[in-house]
Amino acid sequence: MKWLIPFLLITVVWGCSGKQLEQLAIEYINNAKVSITSAENVGAPDDAPSEMKLAEELLFKAQSALQTGDVERAYRLSLKAHLHARIATEKTLAVRQESQVQEAQAALELQQQETEEIKNNLQTLKAERDAQKK
């Protein structure tokens, strides 16, 4: 009898923690879906295809694990899916920013060349003007 109360208490706590883990798994599955959609919206399938594919596969496995009752596995897989989708998003944004930087550098170099040409033309005109004065 004295073991019955701790046993019941452990059973209740275990049941509550299982529900919490299931809730977390569902929450992370939803987070993974949102993260994958966000990644798709920024163009990650083009710039980070392997990360996107992995995120989608992990999400599918997480949903399957949840349906079969493997809540812990569903939680872990959905967390990984969410993280891989975020990696895909960040990689895509980095690629886009790098492209913008390269375009800006090219524009700057072109402007520097134009400035040099104008400077050289001014020096030539100044030299011609000084030659005419003499």
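Go through (1) free of Cβ contacts under 8 Å to residues at least 12 places away in the same chain; (2) within 18 Å of the chain's Cα centre (by Cα) for Glu116 and report which single condition fails.
Just one mismatch for Glu116, condition (2).
All but one of (1) surrounded by 10 or more Cβ atoms within 10 Å (Cβ to Cβ); (2) without any contact (Cβ under 8 Å) to a residue 12 or more places away in the chain; (3) within 28 Å of the chain's Cα centre (by Cα) hold for Gln67, so report the exception by its number.
(1)
Among the residues of segment 21-54, write down those that are within 11 Å of the chain's Cα centre (by Cα) and either buried (at least 19 other Cβ atoms within 10 Å of the Cβ) or outside any helix (DSSP H, G or I) (or both).
Ser35, Ile36, Ala39, Val42, Gly43, Ala44, Asp47, Ala48, Glu51, Met52
Suppose the filter is within 21 Å of the chain's Cα centre (by Cα), closer than 26 Å to Val95 by Cβ, buried (at least 18 other Cβ atoms within 10 Å of the Cβ) and not polar (S, T, N, Q); does Ala62 pass it?
No: the conditions fail for Ala62.
Within the group Ala131, Ala107, Ala94, which residue is modelled with pLDDT under 90, assigned to a helix (DSSP H, G or I) and out of contact with any helix residue (DSSP H, G or I) (no Cβ under 7 Å at 6 or more places or on another chain)?
Ala131
The values are calculated or read from the model by the stated rules, or taken from the named source; none is laboratory data. Source: prediction; values computed, not measured. Cβ atoms come from the backbone with ideal geometry, glycine included; neighbour counts cover every protein chain shown.
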